[in-house]
Structures are given as structure tokens and as C-alpha cells.
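Each reported figure results from applying straightforward, stated rules to the coordinates on display, with no laboratory input. Bear in mind that the values here come from a model prediction, so they are computed numbers and not experimental data. So basically every Cβ, Gly included, is an ideal-geometry build from the backbone, and we count neighbours across all protein chains shown.
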There are 2 protein chains.
Amino acid sequence: MLSNTRLVDGETGFSIDFSGMRISDADLDSMGGKLAAAHEEMGKIEAGEVKNIDEGRKVTHFSDRAAYPGSELFADVERFAQAVASGEIKGSTGKKFDALLLNGIGGSALGPQLVQFAINGPAWNELSSEKRKGFLRIYFTDNTDTAGVADALKALDLETTLVLSVSKSGGTQETKNNMIAFEKLYADAGLDFAKHACAVTMEGSQLDQHSRANGWMKIFPMAESIGGRTSETAIVGHVPAALTGVDFAKILSGAVRMDGWTRVSDAKKNPAYLLAATWYVAGNGKGDRNMVIVPYSDRLLPMSRYLQQLVMESIGKETDRDGNIVHQGLNVFGNKGGTDAHAFIQQLNDGRDDFFATFIEVYKDAMDIEIGDGVFMGDYLHGFQAGLADALQSKGRQVIQMAMRTVDEENVGALIALYERAVAFYAELININAFHQPGVEAYKKASKKIIALLSEVNSKLPELAGSAGTAAELAEKAGVDNLAAFEGILAKAAENPSRPGNRVSREWSEGKKDWIYTVI
Amino acid sequence: MLSNTRLVDGETGFSIDFSGMRISDADLDSMGGKLAAAHEEMGKIEAGEVKNIDEGRKVTHFSDRAAYPGSELFADVERFAQAVASGEIKGSTGKKFDALLLNGIGGSALGPQLVQFAINGPAWNELSSEKRKGFLRIYFTDNTDTAGVADALKALDLETTLVLSVSKSGGTQETKNNMIAFEKLYADAGLDFAKHACAVTMEGSQLDQHSRANGWMKIFPMAESIGGRTSETAIVGHVPAALTGVDFAKILSGAVRMDGWTRVSDAKKNPAYLLAATWYVAGNGKGDRNMVIVPYSDRLLPMSRYLQQLVMESIGKETDRDGNIVHQGLNVFGNKGGTDAHAFIQQLNDGRDDFFATFIEVYKDAMDIEIGDGVFMGDYLHGFQAGLADALQSKGRQVIQMAMRTVDEENVGALIALYERAVAFYAELININAFHQPGVEAYKKASKKIIALLSEVNSKLPELAGSAGTAAELAEKAGVDNLAAFEGILAKAAENPSRPGNRVSREWSEGKKDWIYTVI
């Protein structure tokens, strides 16, 4: 046991309780050297040392957010958002903007999605413009699935939509594809896309060049030091927040307050360090236990998805900083309590003991609904949380219990900052670079090969005209090696007969137990 | 390697490919006896043997759904839904219903949520009544969080809302609380709740009695044999689907077709058996690898959450059927591809090799958007899926690849049926009861204790009037043993000062490093 299992910010009411975890003062003492070394490295991060050596990048989100509200950029975003909300800035046909399409993926989407759901809630897009005080409804394209575009179009009127493309490099293909799709859609509708288009991107990037060349209405610069999964408290989080009426300064102040608390060197008094040390002890420094995130709050449902990226993309690494193969990782999943108690909590209670749960309790109820005998609806939420914590602990399962007064901007900022610091500190404890993502690059390369093959196959289809056969037979004819990829491309073409110029169809042969492709 | 790694339903185009998994014919042969025994047990399930012996319940969803469309109940649901959509059945003030509030948790919510998102899509609630053909918008209360009620109220007009409470026993506290909340809200609005209220519940249940006594407009019976997490193809899935214009008969026909395919005894030809056998081999029959579900489809985003319940609540068990302590389980998580490639795929590629991924590809694009050179937006989705599969396999990570033509009712039904069968079969392989949830009962008991304590604390507050002190001091005064629960209850009260009759407040003492509670 720890001598002090509970850390509390008495002013905000934010608390974190480790009494349900098997970690002791002795554990911390035995990690003493490691903790001190990691704290020293955290200092270097804040001092602006190049910590992401693979990308030659400083990691400055911990310090940048304190200065950000005083910057000209901050003021510019706020002015722009106010002018959009008031109708001073209008779309190409002179109509007031009513909706925002946020076009971005990964860190450009997950943070804004978390903040929107937590602060504006799931009904935001169905409120009247008056109830939204003129601020925008918000939709996301965060993939290269045309179903996402089609669904956004069902809710959007292009004439009153602002399209915000967010990409640091501008090379992110999914974001690029959606941008191209909306450029076409606006052109098809006879609307001037440039008057509906804004960007958040690094100066000089592909997207920066493209948006400048096309005279987009607004381009916000993204500093080189901002990393995708730690971008929520920077311009990436700010622009969508401001356009949807979220008080971003409060998100920052909540984060900055947490930064102050999580800068102290004594791990026993530092909630981020204690969190990271607890992960370390629980998972033997190798992620042997999954992190199950269960906020007892409907509004915090997207938290686990946000943390999946922040934690797993940061920690899931093949090599440590010394080049040793370590295959690190820390799995994250969960939805919300008490709901998950009727889903996967059966396994946590009775099944594999391969996790630790993190409960996040929110004390303030949104409504005072009495169920009976002075017991309110929200008391049951508390009762279920406390009851599950008891049940899990009685089975020897481990639980971290956080609590906060309410889901507001400050506390969302605090949660983000807490986990950002814990992840960075944990990475130091296991000696990995938390700030790069080489595995994503590997995947991008593999995907580019498929896309290149796709162009190659497209170019060979005329030669195959009139042919019919299995994918293997056609691949041989066309001189293509990668059969699986080749068949995938043919299948994709065959199942989209509506495409202009489509040449491929297919039918299943029960005799050959294979697809027969026909090229016209 | 398997001699045949790919199973295909040539007519529907549904396929499943195991070439990315480390499973061989030899593995299947060595499991021969186990597979045959499990197949025999599956036969008993279908023959109506009481397989859930703990609850003395038959498990009949595999066979019931074939007969269901011909039943009087099916016709009754369809008639009711048509009458609501046409405006023949109206609310208490004579207005046509426009929205459905589905009040249910666990299996009563997750299946309907999956179907809604997959078939009607995320923009459904924002479509005009005309575009919805008079069918209802849909909202969910699936917790006991008043924030969920408050958010639903922002989008609902009580006068045109139908409230559907779904609970087999009627004893599910969360669903009961939301029912009470809406009863009050309707009363406060001067509206006759009974004319807005319907139920799906077992005859004779608490909810059945309550709804009959109060003259609710419609009560649909839920057969005793229906289990929560396998209820989507029964009345639980049908009523919300029908009220929102989803063609439920097609969901059933897709499921029934898959049932036919997954009834064959030869595991090498049975996609559900092969799926289960693959899980078994990959996780050493103990769930040593997490199941990562990545549908390459925006519309299938809720799939992993649905499967979390279906798999983890079924498989996560403490004892096997012979009473041995086994602590079984099979973790499930994931969101959607290609998006997750920008989130946690870094870890899958480079980090812990503790998972197998399941990709679900959807060939048909919702729109034909050409990006350039004859390459369409949807080709990138395919390219990213195939590229990630290649990247993962080059690192020795395991992948199952499913594919289907489109996300429609039949394929959603097929997916549900496939996983239901695979889970039941896997449970037979590891000799556990897949159909009970004793761990949830344990949690419910623990929670009831907290709620009981809450009433006790409430009753003692008058005695404590005028007292101030730490939770420990007040607990001693009040003679309460469970300090953690006692403090939680005080904290909950203190942080909800708006509650009528609230007597508790608190302040943090930096000196005592503890909260000081004051009772008035």
C-alpha cells in the first residue's frame, strides 16, 4: 500500500485514488533511481531539448499551452470564430455559416471529437442556431470511406458549411482525399470552394501551398513542434473548439493547472508520475495488463478512444532508445460506466486478471431526479461505480478511481494534460521515444505499394479486355506478382459497377471454388 | 497453413480469409475430437436442451429467428410501427410521433445501436420526417447518468416522443430509473405518459406489471428464452428497427442464411467454427491474444462495442462447466479502419504481439469519387486495408480478413449470426457456459449494498446535523463501518447542492490533507 493513496486538488476537487492498486511505498522506493532519471528527462522536454530524435523535433506542448492564450495566433482564432458566429464572415453566396466540417484524421480528429462530445454533448447538432448562439454544428470526415462523405452530406448544406482541413504535413492521404471530394462537390454545386475552405497546417506544407494557391479564406499556421496526438491544446484543438462555442481558454487553464501539479519532482505527490509508476508496476514495465478506461459519465464516452491513440501510439514501440528490440505496448479500451457493467465487466470480474481499470467519477448530476426515499438517479451512478470497485477488489482485481466535480472545459483540459504527462513519463521509465510513430510509416509505405499496384493494374486492364478467369490466371496474363493485392483490386473494381469506365465484373464459381473475373 | 484458407458465400459475396493466421490443417486435425464434441453440443442448443443450466434456460436464438417472421408477434410489431409512422397511432395530444427514446442497457441497447448506425447512419436524426418516411428519430438512455437524460431532452419534444423501455426482468435498475425520470418529466409537462410509453418485457415481469397497471399504449412480450446479448434478432432488435424504418425481415434473412452456413459439421467449411478454432489456437484456448476488430467502414464503427459484450460477457468466466477455476476471457477492442491506423495501429505493428486483428472490408463505395488517374477514394480504403494487412503480416502479426459487398440489413444480420455462433462454439471448446453472467450478479449485489448504505446514511444525517469533520470522524459518530462508501456518499451529496433537502457541504483542508464535511 502507498502511505498516501489519494491525491487531491482541493480547489478544483479533482482527485485520484490508488488504494485499489497493488503498489506500495516500497515499490516506489525501489524505482527511485528510475523515477528521478525520468523526472530529469521530463525537465529536458520542457526546456526544449530535441526529445524526438528520430524526427529531430522538440516536444513543447507542456510549456506552449501556458503561453498560447497570450499569443496573436490565439486572438486571431477567437476573432475569426466570433466573426463566423456573428455572420460577419459569410460563405460564397452571402449566407451565414451554420456548420463546420472538420476534415482530419488521428490527432486532428480524436481530440476535437472528445471535446465536442464532452462539452457540447451529443445533441449539439440538433440545437437551433439561436441555442448555439450562432456557433457551428460540427461533422467529421476522419477516414477515406465515401460513406462518411455521403453521411456528412445528408446533414450539411454546402452553402452554409465551412470546411476545415487539418493536416500538419498536408500529405495525409485520407485528409487529402476528403479535401478533393469536397472541392469537387462544391464545384458541382456551382459554389466557390475557396470561400468555404480553411486550413490548419504547417507553413510551407503541401496543404499550405495548395490552400494559398487556391485563395482559401483562412489558413492557420501549425507549429513544427506540435505532434498529432498531443495537439489538442494547440491550434488543432482551438479552431474547432472556437467555431463551436467551446471556451478554449478554459481548456487551456485546466491543462496548465494540471501541468503545475504534475511538474513536482516527488512522485508520491505527482498524479501523473504516480499514474505512470502504477502502470509500470501493474504491467511489469511491459504492459502485461490492459488499461481499461471506464468513465462514469455519458459525456466522457470518447475518452477511451482518445486515450487509445495517446497511449498506444506513444508506447507501442519495437525498439527502445538504445536500439534494443522491446516490443512495448499498453492496450487501452473501455466505454462508459455503469453501462459497461452490462457489457464486458463480467469478464473483468470473473475472467482473465490481465488488466487494471480506471474509473472516472463525476459528482455533479446534470439533473436532480429523485428515484425514491431521498435517493437520486445520480446516486445510483455513484453506487454502481463504488459497488463495481468493491466487487473487482474483492476478486483481487485492480482499480484506479478518479473523481471530478463536473465535465467542464477545465476538467477536460486537466484530463488531457494528466494523461499526456503520464504517457511521457511512462515512456521515460521504459526508455522509449514516445513521440514518433515508425510503425505508421511502415504501414503507409505498404499501402502506397498497393495504390501503385492499383494504377499499374488499371493501366493493364485494356490488355486484359475480353479475358475471363480466376485472379491467378489473370495475374499471370498481366504479369503481376502480388496475387492477393491483385485480386483485392479486381474485387474492388468488380463490386463497384457504377464507376465510370469500370471494366471488371466477377461471379463465384462453385465448381472452381473461386471467383471468375471478366474484363470488358 | 490451412489447405483452404478462404470461405466464400458466392451468392452474397460474404467471405472470410484465414491466410493471415497461424493455423494449419494439423491444428484442426489435432482438435478433431474437441471440434466434434463442440459441434454435438451446438446441436443440443438448437434442439432446445437447457444449455444455460445456471439459469435453467434454453438458448434458442439460432432457431427462433427462422420462425419469427411468420409469427403473429412479428406481424404485430410491423403493424404497430407502420401505424406510428403513418400517424394513425398518435401521442397524448393527438400529434404524430416523431422520435423514439429507447430506454435500455446492455443487450437492449448495443444491438439496436449497431443496427441504427449501420443501416440508418449517423445523420438519420437530422433528416426531415419526409426523408425518414415518417419513421422515428432515435435516441438512447443506456445508463443512470442524468446527463444522458438531459442530452436526450435537448433533442426531444416530449409531445411527439415514444418512450420504449426494454428490460426482460424489468428489474434492471438503470432502465427503471430512466423510466421513472420520464414518467416525472411527462407528468411535469402535463402529458399523459401512458399514451407515450411502450415496453418490451417478459410476461409477468416487474415492468410488465407496472406497464399494465398504468395502461401503457403497447407491451410486446419477450420470451423467457431470449438472452440479453443474443437478443438483437428477436423482439428486442425488432421493435426499434421497425419504428425507424429498418427492414428487420432482411436482418433476419441475413442471419438465417448465415445460420445455414454455420450449421455444417465440417469445421473447415464452417466460418463460425473456423473463426472459433482460430481464436482458440491464437490464444492457446485461454484468450492470450486480444481480438482487435477493425471494420474498414464508417458505418460499422459500433461493431467492436457490440462484440465486446457478445464475446467478453459470454467468454469471461471464472469457472468451467465442471467447476474448475479457469478465469477465461477474450478481450475485444477496436474502432474502424483506416482511421485506427492513425491511432493504435502503431502498437499493433511494432509493439506487443498480443493480439490478432479482424478486418472487415466493404467493397461497394457509397459514392464514386475519383481522386486521380482512375483511382477512386474507396480504392484508398482498400489499399490501406491491404497495406496494413501486409505490414502486420511482415512483422509476424496475425490477421483475419472478412469482406462483404455492402453494409446492408442482410450483411449486418449475417455478422451478428456469425459471431453468435462462433462465440457459442468457442465456449464449447473451452467448456464454459456462454449464456450466464454470474460476475454481473456479484456486481449488482455489491452495488445494492452501497445503495442500501446510502439510504442508511440519509436517515442518519439528521443526527449529524451541526457536525463538521472528516469522513472518518463523521463515520465514527454515525456508527458506519464502510468508510470509503460513506465518504463517497457524502461527497456525492456535497457536490450536488442543488438537490432539494441537501444537508451536506465540504471543503478541502490543506492542513489535514482531507475533506471536511459539514452537515446542516
Measure of size requested: the Rg and Dmax of region B:286-427, with Cα atoms as the atom set and Å as the unit; please supply both. 16.7, 63
HN-Hα J couplings of region B:349-357 from phi, Karplus 6.51/-1.76/1.60, θ = phi - 60°, integer Hz, Gly and Pro as x? 6, 10, x, 4, 8, 10, 7, 9, 9
Rg/Rh over Cα atoms for chain B, Kirkwood Rh, comes to 1.01
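What FRET efficiency do you get for residue A:93 and residue B:472 if R0 is 51 Å and r is their Cβ-Cβ distance, rounded to the nearest 0.05? Walk me through the numbers before you get to the answer.
Numbers: r = 67 Å, r/R0 = 1.30.
My answer for the efficiency is 0.15.
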Going from the fewest other Cβ atoms within 10 Å to the most, one would list B:443, B:186, B:296 as B:186, B:443, B:296
Explain nothing, just compute: Karplus ³J(HN,Hα) = 6.51 cos²θ - 1.76 cosθ + 1.60, θ = phi - 60°, for every residue of region A:175-189 in order, whole Hz, x for Gly and Pro. 5, 4, 4, 5, 4, 4, 4, 6, 4, 5, 4, 5, 4, 4, 8
At 222 nm, what value in deg cm²/dmol follows for the protein assembly as shown if DSSP H runs of at least 4 each add -39500 (n - 2.57) and the sum is divided by all its residues, to the nearest 500? -13000 deg cm²/dmol
May I ask which residue of chain B has the beta-carbon nearest to the axis carrying chain B onto chain A, and at what distance in whole Å? B:333, 2
If N is the number of residues in region B:321-390, what value comes out of its Cα radius of gyration divided by 2.2 N^0.38 Å? 1.59
Links that overshoot a 31 Å alpha carbon limit, given the list A:286/B:364; A:218/A:336; A:184/B:131: A:286/B:364; A:218/A:336
Mind checking the log10 I(q)/I(0) for region A:47-193 at q = 0.18 Å⁻¹? Debye, one equal scatterer per Cα, no solvent, two decimals. -1.23
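Given the convex hull over the Cα atoms of region A:384-520, what projected area results after averaging over all orientations, in nm²? Walk me through the intermediate numbers first.
Numbers: hull surface 67.4 nm².
With the hull built on Cα positions only, its mean projection is 16.9 nm².
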What gaps in nm, shortest first, separate residue A:406 from its twins in the other copies when you place the label 7 Å past Cα toward the beta carbon? 4.7
Just report the Cα centroid separation between region B:1-56 and region A:181-199, whole Å. 51
Points 7 angstrom from Cα along the Cβ direction at residue A:456 and residue B:1: gap in nanometres? 2.1
Residue-count net charge about residue A:396 - beta-carbon cut-off 11 Å; Lys, Arg +1, Asp, Glu -1: +2
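Rounded to two decimals, what ratio of Rg to Rh does region B:1-52 give with C-alpha atoms and a Kirkwood Rh?
Numbers: Rg = 14.7 Å, Rh = 13.3 Å.
Rounded to two decimals, Rg over Rh is 1.11.
What's the exposure ranking of A:40, A:428, going from fewest to most Cβ atoms within 10 Å? It would help to have the intermediate numbers written out before the result.
Values: A:40 11, A:428 24.
Result, fewest neighbours first: A:40, A:428.
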Antiparallel as a % of all DSSP beta bridges within region B:228-371, to the nearest 5? 10
Could you name the lysines in cross-link range of residue A:477, using Cα to Cα under 21 Å and dropping any fewer than eight places away on the same chain? A:449, A:460, A:492, A:512, A:513
Debye-sum result for region B:215-278 in log10 I(q)/I(0), which assumes one identical scatterer on each alpha carbon, at q = 0.12, 0.24, 0.25 Å⁻¹: -0.44, -1.05, -1.07
Give me the angle, in degrees from 0 to 90, between the Cα long axis of helix A:271-282 and the longest principal axis of the Cα atoms of chain A, rounded to the nearest 10. 80
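Counting only DSSP beta bridges with both residues in chain A, tell me the antiparallel percent, nearest 5. Walk me through the numbers on the way to the answer.
Details: 21 of 55 bridges.
Roughly 40 percent of the DSSP beta bridges within chain A come out antiparallel.
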Charge dipole magnitude, Cβ of K and R +1, D and E -1 - the protein assembly as shown, Cα centre, debye nearest 20: 560
Please compute P(r) over all alpha-carbon pairs of region A:236-359, binned at 5 Å starting from zero, and give each bin as a whole-number percent. 2, 9, 13, 17, 20, 17, 11, 7, 2, 0
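Below 12 angstrom from the Cβ of residue A:234, what's the summed charge of the other residues (Lys, Arg +1; Asp, Glu -1)? Write out the running numbers ahead of the final one.
On the way: positive: A:65, A:168, A:229; negative: A:64, A:224, A:232, A:420.
With Lys, Arg at +1 and Asp, Glu at -1, the net is -1.
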Filtering GluC sites (Glu not before Pro) in region B:443-520 by DSSP loop and by at most 12 other Cβ atoms within 10 Å leaves B:510
Inter-part distance where region B:419-497 and region A:453-520 are each reduced to a Cα centre, Å: 60
Once you wrap a convex hull around the alpha carbon atoms of region B:57-101, what is its projected area averaged over all directions, in nm²? 4.9
Setting aside same-chain residues fewer than 8 positions from residue B:96, which aspartates and glutamates have a Cα under 14 Å from its Cα? B:88, B:130, B:157, B:159
Give me A:410, A:72 ranked fewest to most by other Cβ atoms within 10 Å of their Cβ, as a rough exposure proxy. A:72, A:410
Size of region A:129-282 along its principal axes in angstrom, Cα-based, largest extent first? 62, 38, 28
Leaving out same-chain residues fewer than 8 places away, which aspartates and glutamates sit with a Cα under 18 Å from that of residue B:34? B:25, B:266, B:320, B:322, B:428
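Mind checking the full-extension length gain between residue A:209 and residue A:395? Use 0.36 nm per residue of separation minus the Cα-Cα distance, one decimal, nm.
Details: separation 186, 0.36 × 186 = 66.96 nm, distance 5.84 nm.
Answer, rounded to one decimal: 61.1 nm.
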Descending semi-axes in Å of region A:313-352, equivalent ellipsoid built from Cα gyration tensor: 33, 12, 5
DSSP beta bridges in the protein assembly as shown: the antiparallel percent, rounded to 5, is 40
Percentage, to the nearest whole number, of Cα pairs in region A:164-208 over 15 Å apart: 42
Assume the label is 7 Å from Cα along Cα to beta carbon: what separations in nm does residue B:55 have to the matching positions in the other copies? 4.8
Apply the Debye scattering formula to the protein assembly as shown, with a single equal point scatterer on each alpha-carbon and no solvent, then give log10 I(q)/I(0) at q = 0.07, 0.08 Å⁻¹. -0.60, -0.81
Would you mind computing Rg(Cα) / (2.2 N^0.38 Å) for region B:248-314, counting N as its residues? 1.28
Assume the label is 7 Å from Cα along Cα to beta carbon: what separations in nm does residue B:134 have to the matching positions in the other copies? 4.1
7 Å from Cα along Cα→Cβ at both residue A:25 and residue A:286: what's the point-to-point distance in nm? 3.1
Along Cα→Cβ, 7 Å out, is where each label goes; now give me the distance between the ones at residue B:268 and residue B:498 in nm to one decimal. 6.6
Using θ = phi - 60° and the Karplus curve 6.51 cos²θ - 1.76 cosθ + 1.60, what whole-Hz ³J(HN,Hα) does each residue of region A:203-212 get, with Gly and Pro shown as x? 4, x, 5, 3, 5, 4, 5, 5, 5, 5
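For the ranges A:432-441, B:103-112, what's the packing order if you count other beta-carbon atoms within 10 Å of each residue, average per peptide, and put the highest first?
Working: A:432-441: 21.2, B:103-112: 27.8.
With the highest mean Cβ count within 10 Å placed first, the list reads B:103-112, A:432-441.
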Projected onto their principal axes, the Cα atoms of region A:398-464 stretch, largest extent first, over whole-Å spans of 67, 32, 24
